[in-house]
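The values are calculated or read from the model by the stated rules, or taken from the named source; none is laboratory data. Just so it is clear, the structure is predicted and the values come from calculations on it, not from any experiment. Cβ atoms come from the backbone with ideal geometry, glycine included; neighbour counts cover every protein chain shown. The area values use the complete protein model at the heavy-atom level, side chains included, leaving out ligands, DNA and RNA. Shrake-Rupley method; radii C 1.70, N 1.55, O 1.52, S 1.80 Å.
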Amino acid sequence: MKSLDEDTWKLVLSANERKEFSGGASKASMRLTDSNFQDTGVFSLFFLPKMEDQGLYSCLIKQGGRKIKERIILLAVLTVTIVPEAPVPQNSILRLIADVTPKFAVTRVSWAAPGDVALRSEKMGNTGNTVAKLPQFRASDAGAYTCVVLPRGNSSNALFAFNVDVTMDGPQISTAALAQASFPLLCPGVQGDYVLLYWESPDSKKQKEKKLVYQYDRWRGTSELSKVGKQLRLAGPPYNHQTGSFSFLLTPGIKDGGLYTCQVFFNDNTACQSTLLSVLKVKASRSPSKLELSCQYSERSHVQYPVWTYRGRRLPSYSPGPGLYITTLPLPITSETAGNYTCALQLKNGQTAQAVHTVILPPKESNTATATPSLLPSLSALLLLVPLVAAAVGVLLWRQGHISRRGIEQSLSHYSGEAENIYENPEDIRQTSPQGSVYMDLNPRAEDDVYKELDRQEPCQG
């Protein structure tokens, strides 16, 4: 190894076929990547470099005292600095600085935000370092930032990418809530003069927009709720917004998941608390042959996987699209398929959220209960028929009232033979008639020829 400002080479590492190593400039982390180098011919070197390790490295392979191969490599060292140090305070200006030594080893250095979004990168005039800035740093800006280095000359790689994780001050809460159920959105546990609540919509393919959904000023006693947050309100005890203790209650719909950031301001100080929220909803839909149970969830970014279970057993399911997981049950429902079905979301932070749908066994049909309704129509028709027949007979007899008594007797005698009136001796009829019969005295009782209906136990009048 030779530094760029020196003329002499230093032995870093030497190894032979007997695996004997030596080297005065070696480091504790330095080793050959392949322990079987004498068989494979792979002599790559690994170590953790520092700034003073930049320079030229020569890899020389000899066999029997004769040089077989030599390669000289220029090692440039990249130093990345984050200002302020992580975790980064909310609303501060994040500065990402990249320093490459020697600077002639690269042609370009650039920065990219999470999601491979290119950041504006500029060279600092006095140092030649490359810097990218991100004003008003917030929770959604946290993640892995990439420094991309394009080397000069013939390099084995066209570019090098180095990741650096940037976190925000204050832990972010990652959790899930049931749709249409009250859920607490926590704010920092400090007293404040006023509070702002921001929301970033879930699962957006575009760059997320931060929206102010609630603000409250306890000194003016004023609050403002945006249309987005109709199911949002300030929480009650143990919180008291009038004294500067803030928290919120959210009753979310499926589209109300996302990132919520609560900012509490006290004098010139600001404190923040962020909550990444998934909203979970289950529902059932029925077709002639099956019952379909769907599990819908939002803010998929921190959901590891969903699963349907029944009596502790995982069910076969499928996903027709992002954020939707479905299992099906055959119809009719039996005692083997009725009960509680659970959709569980396994979050990336290890937490689990569950929603339960109960499938009810339909009541058994009774044979007696089934037969009775079928008899009712015919029975009703029979009961209706009796008064209709009686009414018809009554009308007929009334029309015959204009006939003289003698005419009636002659007419009846014509059909009855010896008896002048077939109902002249009602006692004979009572003895032979079936139960429930209706008896009529057809002899005129008065000038209006009204005929009397007799009860079974009432004696006939001559």
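Taking 0.36 nm per residue of separation and subtracting the Cα-Cα distance, full extension of the segment from Gln231 to Asp193 would add 11.3 nm.
Give me the extension gain from Ser319 to Leu249: residue separation times 0.36 nm, minus the current Cα-Cα distance, reported in nm with one decimal.
22.1 nm
The candidates Ser335, Ser226, arranged from most to least accessible area with a 1.4 Å probe in the full protein assembly, appear as Ser335, Ser226. In this rough spin-label picture, where each label sits 7 Å from Cα along the Cβ direction, the Asn163-Asn91 distance is 3.2 nm. Contact order for region 81-172, expressed relative to its length and based on alpha carbon pairs under 8 Å spaced 6+ residues apart, stands at 34 percent.
Estimated at 0.36 nm per residue, the fully extended path between Ile82 and Phe47 surpasses their Cα-Cα distance by 10.2 nm. Between region 231-281 and region 141-156, the alpha-carbon centres lie 39 Å apart. Computed with a 1.4 Å probe over protein heavy atoms only, the accessible area of Asp268 comes to about 150 Å². Across region 127-134, coupling constants 3J(HN,Hα) worked out from phi with the 6.51/-1.76/1.60 Karplus curve, θ = phi - 60°, read 10, x, 6, 9, 10, 10, 10, 9 Hz, and Gly and Pro carry x.
Per-residue 3J(HN,Hα) values for region 43-52, derived from phi via the Karplus relation 6.51 cos²θ - 1.76 cosθ + 1.60 with θ = phi - 60°, read 10, 5, 10, 10, 6, 9, x, 10, 4, 6 Hz in sequence order (x marks Gly and Pro).
Figure legend: label point modelled 7 angstrom from the Cα of Ser287 along Cα→Cβ; residues of region 330-359 with amide N under 17 Å from it are 330-333. For Ala235, nonlocal amide neighbours, meaning residues 5 or more places apart or on other chains whose placed amide H falls under 5 Å from its own, are Ser247, Phe248, Leu249. Entry comment: accessible area of region 79-238 is 60 Å² per residue, from protein heavy atoms only and a probe of 1.4 Å.
In this simple spin-label approximation, Asp203 and Thr358 carry label points 7 Å from Cα along the Cα→Cβ vector, and these lie 2.8 nm apart.
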